[in-house]
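Here the structure is laid out as structure tokens; the discussion comes afterwards.
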Amino acid sequence: MMRVDLHLHSNCSDGTLSPGDLVRLAKGRGVLVISLTDHDTTEGLDEFMKSCERDSVHGIAGVELSADAPYTIHILGYHFRRDDVFLEKHLSSLREYRDKRNAAICKKLNQLGVAISLEEVEAEAGGEVVARPHFARVLVRKGYAPDLHGAFRRFLAKGGLAYVPRVRFSPLECIDLISKSGGVSVLAHPGEIGAEDEDLLRILSELKAAGLWGLECYSAHHKGEDVFRFLRLADGLGLRPTAGSDFHGENRPGVDIGITVPNDAIPWDELGIRL
């Protein structure tokens with residue numbers, strides 16, 4: 001058995017640790033292979049990969065993209081060209097919208113009578129990329145919510161009073177974007193999609209036909225019986241199994257870094273890793 005984690009977030013998106021600190025934490029916990037998969041950005045990958053080399057941890061370049069199908073799903077991209085102009089152009093457009101979304105969230109909160117400014121949220125982020133967890137911390141600090149979970153439930157999550165939807169690519173666009181940049185695509189935490197087995201099989205079959213490479217079977221989001229169910233699904237469709245915690249640091253309490261898998265569970269050579 002070995003400990004790996006191919007689904008990590010840094011403070012370049014909505015995590016709390018720097019890419020370098022993620023690597024140091026993984027090494028300290030005995031995690032042998034890791035991937036940084038920040039939302040819509042590859043900004044932290046240079047620091048991450050250099051830190052992996054320095055600390056003798058196997059690192060894989062990654063990114064996470066959101067899509068609607070009509071369920072909200074997340075596509076992880078791995079082992080792509082980090083300097084790919086086509087990829088960066090599309091990620092840049094998502095980041096530009098994120099800035100507009102943050103301003104819209106702030107405006108909605110103000111209209112609800114919440115005294116909060118974008119400057120306060122940016123200060124809370126402390127140089128990190130501004131994301132909803134930073135809004136949540138300010139809301140808790142100013143007494144508008146009892147805790148982070150309450151801030152999301154009342155204001156920031158889907159159905160919340162100040163929720164603003166994200167601009168998303170379609171699943172096929174995500175897969176195409178990753179493929180054209182030389183990478184492979186994986187459907188993240190299938191247990192979180194909310195689809196019944198029949199719908200999930202249909203979605204996976206369509207995505208496999210479009211070039212989906214793998215399925216995140218081992219996940220902090222999945223219970224033991226779910227892991228075996230997704231492994232059977234992956235095997236039946238010819239998808240490679242992967243493993244990831246979706247670690248965000250303090251922004252996702254209760255989720256620790258590292259997933260234990262059999263040594264031969266993941267085809268490491270196809271991800272550019274030689275163990």
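The values are calculated or read from the model by the stated rules, or taken from the named source; none is laboratory data. Note that the structure is a prediction, hence the values are computed from the model and not measured. Counting neighbours? That spans all protein chains shown, and the Cβs are built from the backbone with ideal geometry, glycine included.
For the stretch 260-267, check the following and say yes or no: at least one residue is in a loop (DSSP other than H, G, I, E, B) and closer than 13 Å to Ile34 by Cα. Within the stretch 260-267 (the criterion being in a loop (DSSP other than H, G, I, E, B) and closer than 13 Å to Ile34 by Cα), the answer is yes, since at least one residue qualifies. Report yes if Leu172 is aliphatic (A, V, I, L, M), farther than 23 Å from Ala265 by Cβ and within 19 Å of the chain's Cα centre (by Cα), otherwise no. Yes: the conditions hold for Leu172. Checked against the criterion of being in contact with an Asp or Glu (Cβ under 9 Å, 6 or more places away or on another chain), more than 27 Å from Thr41 (Cβ to Cβ) and buried (at least 16 other Cβ atoms within 10 Å of the Cβ), the candidates Leu212, Leu233, Leu200 yield just one match: Leu233. Every condition in (1) among the β-branched types (Val, Ile, Thr); (2) in the same structural domain as Pro241 (by the TED database); (3) touching a helix residue (DSSP H, G or I) at 6+ places or on another chain (Cβ under 9 Å) is met by Thr37 except one, and the failing one is (3).
When Thr42 is tested against (1) in contact with a Phe, Trp or Tyr (Cβ under 9 Å, 6 or more places away or on another chain); (2) over 20 Å from Asn11 (Cα atoms); (3) part of a loop (DSSP other than H, G, I, E, B), just one condition goes unmet, and that condition is (2). Quick check on my filter: what residues within the stretch 153-184 are polar (S, T, N, Q) and in contact with an Asp or Glu (Cβ under 9 Å, 6 or more places away or on another chain)? Passing the criteria: Ser170, Ser181. Inside the stretch 58-78, residues that are under 23 Å from Arg24 (Cα atoms) and out of contact with any Ser or Thr (no Cβ under 9 Å at 6 or more places or on another chain) make up a count of 1. Scanning the stretch 128-162 for residues that are aromatic (Phe, Trp, Tyr) and under 13 Å from Asn102 (Cβ atoms) yields one hit, Phe135.
Glu64 passes every criterion in (1) surrounded by fewer than 20 Cβ atoms within 10 Å (Cβ to Cβ); (2) assigned to a strand (DSSP E or B) apart from (1).
In this structure, does Thr41 turn out to be closer than 27 Å to Pro262 by Cα, crowded, with 18+ Cβ neighbours inside 10 Å and β-branched (Val, Ile, Thr)? No. Among the residues of the stretch 73-84, none qualifies, meaning not one is assigned by the TED database to the domain that holds Phe247, in a helix (DSSP H, G or I), under 20 Å from Tyr218 (Cβ atoms) and within 19 Å of the chain's Cα centre (by Cα).
Can you confirm whether the stretch 146-167 contains a residue that is basic (Lys, Arg) and either in contact with a Cys (Cβ under 6 Å, 6 or more places away or on another chain) or in a helix (DSSP H, G or I) (or both)? Within the stretch 146-167, one or more residues are basic (Lys, Arg) and either in contact with a Cys (Cβ under 6 Å, 6 or more places away or on another chain) or in a helix (DSSP H, G or I) (or both). Can you find a residue that is more than 18 Å from Asp14 (Cβ to Cβ) and either surrounded by 19 or more Cβ atoms within 10 Å (Cβ to Cβ) or of a type in the set (A, V, I, L, M, F, W, C) (or both) anywhere in the stretch 128-140? No, every residue in the stretch 128-140 fails to be more than 18 Å from Asp14 (Cβ to Cβ) and either surrounded by 19 or more Cβ atoms within 10 Å (Cβ to Cβ) or of a type in the set (A, V, I, L, M, F, W, C) (or both). The strands (runs of 3 or more DSSP E) found entirely in the stretch 181-244 that carry 2 or more residues being in contact (Cβ under 8 Å) with a residue 60 or more places away in the chain and of a type in the set (A, V, I, L, M) are 184-187.
When Gly30 is tested against the conditions (1) touching a Cys at 6+ places or on another chain (Cβ under 9 Å); (2) on the phi > 0 side of the Ramachandran plot, the lone failure is (1).
Within the stretch 245-256, if we keep just the residues that are in a loop (DSSP other than H, G, I, E, B) and either modelled with pLDDT under 95 or more than 21 Å from Phe230 (Cα to Cα) (or both), the residue that is nearest to the chain's Cα centre (by Cα) turns out to be His248. Considering the stretch 11-26, and only residues there that are within 17 Å of Gly244 (Cβ to Cβ) and more than 15 Å from the chain's Cα centre (by Cα), the residue that is surrounded by the fewest Cβ atoms within 10 Å (Cβ to Cβ) turns out to be Leu25.
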